[in-house]
Amino acid sequence: MLTNSVAFDTHPLLRCLHNELNELLIFVGTATERGRDWTAEWGDLPVRVQKCWTYTGLRHFGALAKEQYQRQIPYDTIPLLLRERPDVVISTDLGFRTMQAALYRKLFANSRLIIWSGLSQHTEQNLPWWRTFQRKMLYRAADAASANGFSAKAYLLGLDVPERKIFTLPYCFDLTSYLNLPLTREPDAVRRFLFVGGLIERKGLIPFLVVLSRWFQQHNDEKGELWIAGDGPLRRQVEEFPVPPRLRVTFLGNIAHENLPAIYAQAGILVFPTLADEWGLVVNEALSAGLPILGSLYSQAVEELVREGETGWTFHPDRPSQVEHAVEQAMLTPSPQLAAMRGNCRQAVTHLTPSCGANQLLRAIHFVQTGEWEDVHDGGPVTHADYCEGSPIAQDYRA
């Protein structure tokens with residue numbers, strides 16, 4: 001496996017995969033990516049750090065947001081592959097390391113290449129033509145490709161990836177510490193909003209604050225709370241934002257991931273107004289903790305897992321009237337209905353376990369080696385749609 005780094009959330013999935021394979025080697029560009037608030041914990045995983053050049057670029061998400069990012073160029077990939085001679089290479093980006101993996105695939109006809117990359121139609125829009133062409137060439141060289149959601153699959157189909165080569169691999173994490181939280185909430189926490197994430201332009205918190213503040217100005221008989229767990233370059237701007245007296249904003253700063261369940265347990269509704277996210281891990285976390293989602297449809301996690309009025313309320317963050325309507329729905333939903341929604345939320349993500357993700361990767365490995373999709377888990381026949389059981393469009397997907 002070739003990847004940027006092994007994050008704490010993918011570690012359990014990779015450990016499950018490691019236990020099922022004869023041998024798994026993981027090559028990373030860096031131990032910990034810059035800007036992450038976690039340290040590398042590889043445990044018994046066979047991880048090796050590659051030789052890598054790293055530079056900073058600027059990415060635009062249409063007219064909505066822009067963001068600095070780090071691009072890695074691991075220049076020793078070909079020598080490593082020639083030395084190890086793997087049967088299957090799983091590469092997790094669409095850049096230089098995957099180009100080298102594709103070259104290795106061409107050099108050794110018996111090898112196979114799987115591209116495991118997180119993306120969506122929204123996050124990948126407005127790419128320059130040459131980047132789209134490059135991706136088409138990479139996927140043409142691959143034997144299988146992952147889609148983390150329905151939008152991702154549509155994007156891959158648009159790149160002319162054959163449908164039979166696409167396998168569903170939603171974000172699957174170890175959510176045990178969240179699933180063990182009680183679903184009941186104290187009365188003052190039922191409508192306490194929680195935002196978890198970086199204070200950066202792409203997360204859309206300031207445009208959301210504009211709408212939220214306006215709603216409380218227009219409903220001066222209501223009061224509300226917003227807890228903000230996270231930090232970033234917009235911290236001062238968010239702190240100085242003029243919110244109405246009836247809306248109390250509390251800054252928690254960065255919270256270590258092992259301490260986040262305790263924060264979710266004290267909140268009632270997750271706010272996720274992102275302007276561009278190919279998934280959104282916090283949605284998995286919040287749903288498993290029993291928090292309905294007040295979330296942006298520019299996140300695949302919201303698209304896939306949030307049912308309107310059952311597990312949350314959705315909106316397009318660049319359409320203020322939709323945001324205001326969603327806020328109103330969240331504020332005016334009766335408390336007994338919110339209690340029922342908390343149970344629905346947890347049910348929506350119980351299937352997204354590390355073993356689920358590992359099984360999908362094992363199926364992909366079996367497919368690239370045999371040309372056939374096969375169920376390799378112990379729980380009976382499983383289809384792609386079954387792994388998206390929490391999705392509001394799973395029925396359409398089956399059809």
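Placing +1 at every Lys and Arg Cβ and -1 at every Asp and Glu Cβ, with all other atoms neutral, what dipole size does the range 176-349 have around its Cα centre, in debye to the nearest 20?
The dipole of the range 176-349 has a size of about 280 debye.
So which lysines can residue 165 reach, going by Cα to Cα under 23 Å and dropping same-chain residues fewer than 8 places off?
Straight-distance partners of residue 165: 106, 136, 153.
Based on alpha-carbon atoms only, what is the radius of gyration of the range 118-269 relative to the globular estimate 2.2 N^0.38 Å?
In units of the 2.2 N^0.38 Å rule of thumb, it is 1.38.
Where does the range 176-349 land on the Kirkwood hydrodynamic radius, alpha-carbon pairs, in angstrom?
For the range 176-349, inverting the mean 1/r across all distinct Cα pairs yields 15.7 Å.
Which value in Å is the Kirkwood Rh of the range 196-260 over different Cα pairs?
For the range 196-260, inverting the mean 1/r across all distinct Cα pairs yields 12.5 Å.
So if I place +1 on the C-beta of Lys and Arg and -1 on the C-beta of Asp and Glu, and nothing else carries charge, what would the dipole magnitude of the chain be about its Cα centre? I want it in debye, nearest 20.
So the dipole magnitude of the chain works out to roughly 1100 debye.
Would you look at the GNM of the chain, springs on alpha carbons closer than 10 Å, and say which of 279, 373, 313 moves the most?
Comparing 279, 373, 313 in a Gaussian network model of the chain, the most mobile one is 373.
What number comes out for the charge environment of residue 79, summing +1 per Lys or Arg and -1 per Asp or Glu over other residues with Cβ under 15 Å away?
Net charge in that neighbourhood comes out at +3.
Over the range 68-141, with a single point scatterer placed on each C-alpha, what log10 of the ratio I(q)/I(0) does the Debye formula yield at q = 0.23, 0.28 1/Å?
Cα-only, vacuum Debye calculation for the range 68-141: -1.11, -1.45.
Round to the nearest 10 and give me the degree value, 0 to 90, for the angle of helix 11-20's Cα axis relative to the longest principal axis of the chain.
The angle comes out at about 30 degrees.
I want the local charge near residue 65. Using Cβ-Cβ distances under 12 Å, sum +1 for each Lys or Arg and -1 for each Asp or Glu among the other residues.
0
Along the charge dipole of the chain, Cβ charges K/R +1 and D/E -1, which of 207, 256, 12 sits furthest on the positive end?
The listed residue farthest towards the positive side: 207.
Counting other beta carbons within 10 Å of each Cβ, put 137, 99 in order, fewest first.
Least to most surrounded, the residues fall as 137, 99.
When Rg is the radius of gyration of the Cα atoms in the chain and Rh is its Kirkwood radius, what does Rg/Rh come to?
0.97
Looking at 291, 325, 190, which one has the Cα that reaches farthest to the positive end of the dipole of the chain (charges on Cβ: Lys, Arg +1; Asp, Glu -1)?
After comparing all options, I get 325.
With a 10 Å Cβ neighbour count serving as the proxy for reagent exposure, in which order, fewest first, do 252, 107, 169, 81 appear?
Lowest to highest Cβ neighbour count: 107, 252, 81, 169.
Determine how many Å³ per residue the convex hull of the Cα atoms of the range 34-166 encloses.
142 Å³
Grab the Cα-Cα distance for residue 71 and residue 250, subtract it from 0.36 nm times how many residues apart they are, and report the gain in nm with one decimal.
61.0 nm
Please give, to one decimal in nm, the separation of the simple spin-label points placed at residue 186 and residue 129, each 7 Å out from Cα toward the Cβ.
6.1 nm
Give me 117, 177, 335 sorted ascending by neighbouring Cβ count inside 10 Å, so fewest comes first.
335, 177, 117
Extending each Cα 7 Å along its Cβ direction at residue 164 and residue 310, get the distance between those two points in nm, one decimal.
3.4 nm
Give the lysines reachable from residue 203 as a straight Cα distance under 18 Å; neighbours fewer than 8 places away on the same chain don't count.
Candidates past the 8-residue exclusion: 66.
Just so you know, all these numbers are worked out from the coordinates, no wet-lab data involved. Every value quoted in this text rests on a predicted model; they were computed, and no experiment measured them. Cβ: placed from backbone, ideal geometry, glycine included. Neighbour counts: every protein chain shown.
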